[in-house]
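Asker: Please find one structure pasted underneath; my questions will follow.
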Amino acid sequence: MHRRAETFLLVWLTGSAATAAPVDYLREVKPIFAEHCYRCHGASQQKGGLRMDTAAFALKGGDNGPAYAPSKSADSLLIQAVKGTHDDISRMPYKKPSLPEAQIETIARWIDEGAKAPDDEAPQSDKHWAFVPPVRAPAPGVKQADWPRNDIDRFMLARLEQEKIKPSPEADRVTLIRRASLDLTGLPPTPAEVDTFVNNKRADAYEQLIDRLLASPHYGERWGRHWLDVARYADSNGYSIDAPRNIWKYRDWVIDALNRDLPYDQFVIEQLAGDLLPNATQEQKIATGFHRNTQINQEGGIDPEQFRIESVLDRVNTTATAFLGLTVACAQCHDHKFDPISQREYYQLFAFLNNQDEPNLEVASPEEFVRRDAYRAKTREIEKELKGYADSIAPKQAAWEASLTEEQRSKLKDEVQTALLLLPDQRNEEQRKNAFNAFRDQNAGYKELQKKLDRFKKDEPRTTTTMVLQERMKPRDSYVFIKGDFTRKGDPVTPGTLQILNPFPKESHPNRLDLAHWIMDPQNPLTARVMINRIWQQYFGRGLVETENDFGTQGIPPTHPELLDWLATEFIAQKWSLKAMHRLIVTSATYRQSSRVRRELATIDPNNKLLARQARLRLDAEIVRDVGLSASGLLNPNIGGPSVFPPQPDGVMTLGQSRREWKPDEGEDRYRRGMYTFFWRATPHPALMVFDSADGFSACTRRPRSNTPLQALTLLNDQAFVEFAQAMAARILKDGSKPDSERIEQAFQYCLSRQPTQEESQRLLDLLNKELAALEKSPDEAAAIVKGKAESKTDVVQLAAWTTVSRVLLNLDETITRE
């Protein structure tokens, strides 16, 4: 029996290994070498005579011989070194954490498979792929010619066919409309919209759906939220005081710009330098709020210049992350260790962003200005009355001075006592003013008028402002900071860019506008790639370049380099139209695949990098809230405006240094979309953070997707979600004539857009009946569940039972997942 089991296990393991795709050196092995080996065994130095930046160099070896023996991983020095089993060579990397076992296994498999690598592999000193402008390759031919819907699919299918993998079938229509609606607008489709699409017999029904969703004003909200992550948007200043700030106009500019399909080049230029455009409009100035999203330290005793420079450094780093996908921040203290970026170049970029003031721009409506001007006219009337009163009592000053006793004089301010020692004609202007003010302030009539004026000014209608950048007339001097320390100024620098990328036009006095044009130059090898990769990431959970924030030499190479370049060049050819690229991706067969897990892919492509199926993605934090609002019927669809305050647990605002008030909104503002929730950096809304919202401290190019018990507890017990369940229950019961089975179907459609299976329906009916029976016996418990939202005793029990069912549906994994 043991021998049979061993034989079976051996056959099973051999069969599993045979089905696994060969290790791809460029995609799987070389990145490991680049991360762990190049520093000591790359182009700049070769310790022990060993160079590792090409497989040929590694095979040539160093003082101890070849790094590996093809087909013999156990005999290879490289494997022995990384495992720490060699008698004379220390475990590698030296004095660093050991390689993960999975990476060692990948290298060993590659060696055992013959250590295949390209003959023309470029060494490290050659130009990195991301620093070469993208080249548009023709779409490859494929065998399954009836599957592709556009050129995206031809690139994807060619790779799948190379690996002998078939793509997944197209998802059903209900899944497609829910997927596309959530991806393009962040809102689930209504039951009526689902029915319309499912029953649309036109050949272009899906394309019609996509065009409708792209035209929706909610498209700008959905994709604006992604951009606000990159822009590190928040409604407060950060640091320990974390005072509120007014910058929601910038958020609304982003939404509007995306809805207008403002070309991406203009979208970027206006955010970096809108104030420098000829005849800059108010909207273009508002766009510069992109770089006002930095934190502001308002603590006592700080050095303002230190934190001004901290803001500029943040702007440099964010610019590189957002538009270039580079870790330029690594060059703040020294030359970049891996990418060809010098410290001097870092401070040349710094010089572009060191020459701005940071004003607040008035962006009030005409009606606001009319109200304020009318109020100020009344203020001037009171000021005139106050001055007239002061003039009327002036002749009495001499008598007041003569009446003062020594004790009364001693209680006056020192500067007033000094003035009173002199005769009126001996006093200078300042002394005369001090003496009169002291006399004036002793009058009861004047004090009352002054209080009236103070109260009136305090109640003046406030106009809306927003934080912007504005170029200084006289530029600041900029320097290299020695070891990144702003107190240690090195060589002076003038604005300049990175030599490894596209050339920068020679300008006598370059500014932010020149920087913006350089970034958006079609010859820039990174800008189009970085943005299109980030868009791809949102649709498939992972970018074609997995390290979406690092396109440098330490980043992971693209899984489909030809497709990435084709998309980048297509983006430019489409005149930087974001909507055109969205439409191209979501109408592809690749996007329309089912997300159902396929057993045969578990060993061939366990991480779904080849996209033989769609990805199944948990919704973003704000969209989790939006789905609940939509299902409940409470959703307030208004777009833009000041941030709002939905309910949150008690005690949250006591966690920061400065305790703030969180007064939940009543009425429609209570049910705004999640992206409008006021975001305090120090004490963010818990329901957002538990679902991995960006923190607003730095540019976020990809949110993590965690799965924790706190998420389930939030969906069940958070006050907002309890309200959603109560409202959903009332919505279900609105038509009192329907049987419960139909109500179950209706509730399922609200949450999941689909009909329940017979088993699902029966389980929910069983739950409903158990709740009804239990709550009939416990009316107090039923009343506690509905919290006075039912009109009669019978309604209380029904509403409470359906609230429980609604809580279950809102807590389903499928409800908060995009299939």
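Asker: With respect to the numbered conditions (1) of a type in the set (D, E, K, R); (2) within 20 Å of residue 48 (Cβ to Cβ); (3) part of a helix (DSSP H, G or I), which one is the sole condition not fulfilled by residue 109?
Answerer: All conditions are met except number (2).
Asker: Let me ask you something else. Please pick out the residue among 18, 69 that is modelled with pLDDT under 80, farther than 26 Å from residue 128 by Cβ, surrounded by fewer than 20 Cβ atoms within 10 Å (Cβ to Cβ) and out of contact with any strand residue (DSSP E or B) (no Cβ under 7 Å at 6 or more places or on another chain).
Answerer: 18
Asker: Which members of the stretch 108-137 meet the condition of being over 19 Å from residue 554 (Cβ atoms) and not charged (D, E, K, R)?
Answerer: Within the stretch 108-137, the subset over 19 Å from residue 554 (Cβ atoms) is 108-120, 133-137.
Listed by number, the residues that qualify are 108, 110, 111, 114, 115, 117, 118, 133, 134, 135, 137.
Asker: List pairs: first residue in the stretch 185-202 and touching a residue at least 24 places away in the same chain (Cβ under 8 Å) and closer than 26 Å to residue 625 by Cβ, second residue among the small types (Gly, Ala, Ser) and part of a loop (DSSP other than H, G, I, E, B) anywhere in the structure, Cβ distance under 7 angstrom, at least six positions apart or on different chains.
Answerer: Qualifying pairs under 7 Å: 185/216; 188/753; 189/753; 194/753.
Asker: Can you pull out every residue in the stretch 587-621 that is in contact (Cβ under 8 Å) with a residue 24 or more places away in the chain, among the aliphatic types (A, V, I, L, M) and part of a loop (DSSP other than H, G, I, E, B)?
Answerer: Hits for the stretch 587-621 are 589, 610, 611, 612, 615, 619.
Asker: Okay, moving on. Quick check on residue 812: is it open to solvent by less than 60 Å² (accessible area, probe 1.4 Å) and farther than 28 Å from residue 622 by Cβ?
Answerer: Considered against the rule, which asks whether it is open to solvent by less than 60 Å² (accessible area, probe 1.4 Å) and farther than 28 Å from residue 622 by Cβ, residue 812 comes out as no.
Asker: Continuing with the same structure: Looking at the stretch 606-642 only, could you name the residues that are in contact with a helix residue (DSSP H, G or I) (Cβ under 9 Å, 6 or more places away or on another chain), open to solvent by 20 Å² or more (accessible area, probe 1.4 Å) and among the polar types (S, T, N, Q)?
Answerer: 630, 638, listed by residue number.
Asker: Being closer than 22 Å to residue 817 by Cβ, out of contact with any Gly (no Cβ under 9 Å at 6 or more places or on another chain), open to solvent by less than 20 Å² (accessible area, probe 1.4 Å) and not basic (Lys, Arg) is the requirement here; does residue 694 meet it?
Answerer: Here the answer is yes, as residue 694 does meet what is asked.
Asker: Any idea which of 468, 545, 530 is in contact with a strand residue (DSSP E or B) (Cβ under 6 Å, 6 or more places away or on another chain) and either among the hydrophobic types (A, V, I, L, M, F, W, C) or crowded, with 16+ Cβ neighbours inside 10 Å (or both)? Walk me through how you get there before you give the answer.
Answerer: Working: 545 fails: in contact with a strand residue (DSSP E or B) (Cβ under 6 Å, 6 or more places away or on another chain); 530 fails: in contact with a strand residue (DSSP E or B) (Cβ under 6 Å, 6 or more places away or on another chain).
Result of the check over 468, 545, 530: 468.
Asker: Taking the residues in the stretch 559-586 that are assigned to a loop (DSSP other than H, G, I, E, B) and either among the hydrophobic types (A, V, I, L, M, F, W, C) or free of Cβ contacts under 8 Å to residues at least 40 places away in the same chain (or both) as candidates, determine which candidate is surrounded by the most Cβ atoms within 10 Å (Cβ to Cβ).
Answerer: 576
Asker: A follow-up question, please. Pull up the stretch 438-458, narrow it to residues that are in contact (Cβ under 8 Å) with a residue 24 or more places away in the chain and open to solvent by 60 Å² or more (accessible area, probe 1.4 Å), then point me to the one that is nearest to residue 252 (Cα to Cα). Reasoning before the result, please.
Answerer: From the stretch 438-458, those in contact (Cβ under 8 Å) with a residue 24 or more places away in the chain are 438-440, 442-443, 445-446, 449-450, 452-453, 456-457; that's our starting set.
Next, from what is left, pick out any that are open to solvent by 60 Å² or more (accessible area, probe 1.4 Å): 442, 452, 457.
On the way: 442: 51, 452: 38, 457: 30 Å.
Here the residue is 457.
Asker: Can you name the condition, by its number, that residue 473 falls short on among (1) loosely packed, with under 12 Cβ neighbours inside 10 Å; (2) farther than 30 Å from residue 233 by Cβ?
Answerer: Every condition holds for residue 473 apart from (2).
Asker: Taking only pairs six or more apart or across chains, which ones have beta-carbon atoms under 7 Å, a first residue in the stretch 703-719 that is open to solvent by less than 50 Å² (accessible area, probe 1.4 Å), and a second residue that is among the small types (Gly, Ala, Ser) and modelled with pLDDT of 95 or more?
Answerer: Within 7 Å, the pairs are 703/694; 714/687; 718/687.
The values are calculated or read from the model by the stated rules, or taken from the named source; none is laboratory data. What you see is a predicted model; the values in this text were computed from it and never measured. Backbone-built Cβ (ideal geometry, glycine too); neighbour counts: all protein chains shown. The protein model used for the area step is the full one, side chains on, heavy atoms only, and it has no ligands, DNA or RNA in it. Shrake-Rupley method; radii C 1.70, N 1.55, O 1.52, S 1.80 Å.
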